[in-house]
Amino acid sequence: MDSQINIAMRALEFTETRCPRTRAKECSCSRVKSITESQQTTVAQCILEHSDKVKGTILLMQAPGTPTLVKGTITGLEPGPHGFHIHEFGDMSDGCKSMGGHYNPDDVDHGDLKEGHVGDLENVMADEKGVAKFSIVAPRVDLMGDRSVIGRGIVVHEDEDDLGKGGDAESLKTGNAGERLACGVIVARSEEMVEAHGGKHTTSGRSMTKGEKSKREKIVKGMKKDKAGFKKRYGKDAEAVMYATATKQAMK
Ligand code: CU
Ligand code: ZN
């Protein structure tokens, strides 16, 4: 009896603090819904963490009815191929371990971009300097709709992914890609950021007044107190996001 209550309490705790769909800290389900309904190009990003050596930023883009483009650079790798996947959970509570297996909504064996787990992105290839630059067209990966990978995780592995052709049981599960070197959660890029990149710093089509500009400066100053938080979420776009958000607020 005691243990049952315990389990129920733990389950409650779990649903309260994490997204049930992806186990990500931040539940982006309503966000995904609005993205899906907006029928615009969706942009998401993933910053790799949990390694002192391996770093990377990955962008994911999808226009309605088209494949998702997965683009990025990973540094600090050993030269050669490294397994690269979308994992089921955006849960980093136990580092890369808690991200679960490859995202596999169809319950099939591990494979490649065409067949296999939806999360199978094959390999990224690191050059002699340990840098992997890649641009992967992933026809089965979605940012919109029920199968959106927003909130899920990306993992880069130590070894080459054999794409399910290794001839053993593990090959059909993980591609024998070995240790999880670094990982990150896929997050939707905010409207503010898209706006910032489009250079549109106005909300109503008019220019800012002097008063609004100084108000914006004050807001940005306040935001900079949480510079680390912004950096973590938006990487090198942090400042642009601050300005775009502050512009909106100042012009209200
Ligand atoms: Cu993986
Ligand atoms: Zn797989």
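The values are calculated or read from the model by the stated rules, or taken from the named source; none is laboratory data. Computed from a predicted model, the values in this text were never measured in an experiment. Here the Cβ is made from the backbone with ideal geometry for all residues, glycine too, and neighbour counts use every protein chain on show.
Remarks
- In the range 151-160, the residues that are among the aliphatic types (A, V, I, L, M) and either farther than 15 Å from CYS46 by Cα or more than 13 Å from ligand 1 (Cβ to nearest atom) (or both): none
- Residue in the range 130-139 that is within 17 Å of HIS102 (Cα to Cα) and not in a strand (DSSP E or B) present: yes
- Residues that are under 25 Å from SER34 (Cβ atoms) and buried (at least 24 other Cβ atoms within 10 Å of the Cβ), drawn from the range 69-86: VAL70, ILE86
- Being at pLDDT 95 or above, within 16 Å of ligand 2 (Cβ to nearest atom) and either of a type in the set (A, V, I, L, M) or over 16 Å from ASP146 (Cα atoms) (or both) is true of VAL70.
- Among (1) away from ligand 1 (no atom under 13 Å from the Cβ); (2) part of a strand (DSSP E or B), the one test that ASN123 misses: (1)
- Of all residues in the range 147-160 being assigned to a loop (DSSP other than H, G, I, E, B) and touching a Gly at 6+ places or on another chain (Cβ under 9 Å), the one that is surrounded by the most Cβ atoms within 10 Å (Cβ to Cβ): VAL149
Quick grid of which residues meet (1) more than 16 Å from ligand 2 (Cβ to nearest atom); (2) surrounded by fewer than 22 Cβ atoms within 10 Å (Cβ to Cβ); (3) modelled with pLDDT under 95; (4) more than 21 Å from ILE47 (Cα to Cα):
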residue: VAL131; (1), (2), (3), (4): yes, yes, no, no
residue: PRO139; (1), (2), (3), (4): no, yes, no, yes
residue: GLY145; (1), (2), (3), (4): yes, yes, yes, yes
residue: ASP162; (1), (2), (3), (4): no, yes, no, yes
residue: ALA196; (1), (2), (3), (4): yes, no, yes, no
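- Under the condition of being of a type in the set (Ser, Thr, Tyr) and at pLDDT 85 or above, the residues counted in the range 205-221 number 1.
- Evaluation of SER171 against the conditions (1) surrounded by fewer than 21 Cβ atoms within 10 Å (Cβ to Cβ); (2) among the small types (Gly, Ala, Ser); (3) assigned to a strand (DSSP E or B) shows that the sole unmet condition is (3).
- Only one of the numbered conditions (1) within 12 Å of ligand 2 (Cβ to nearest atom); (2) touching a His at 6+ places or on another chain (Cβ under 8 Å) is violated by ARG152, and that is (1).
- Qualifying positions in the range 222-252 - out of contact with any helix residue (DSSP H, G or I) (no Cβ under 6 Å at 6 or more places or on another chain) and modelled with pLDDT of 80 or more: GLY222, LYS224, LYS225, ASP226, LYS227, ALA228, GLY229, LYS232
- Positions within the range 90-111 being near ligand 2 (Cβ under 9 Å from one of its atoms), part of a loop (DSSP other than H, G, I, E, B) and under 21 Å from LYS71 (Cβ atoms), in sequence order: TYR103
- Checklist (1) crowded, with 17+ Cβ neighbours inside 10 Å; (2) more than 16 Å from ligand 1 (Cβ to nearest atom); (3) under 20 Å from MET144 (Cβ atoms) applied to PRO20, failing item: (1)
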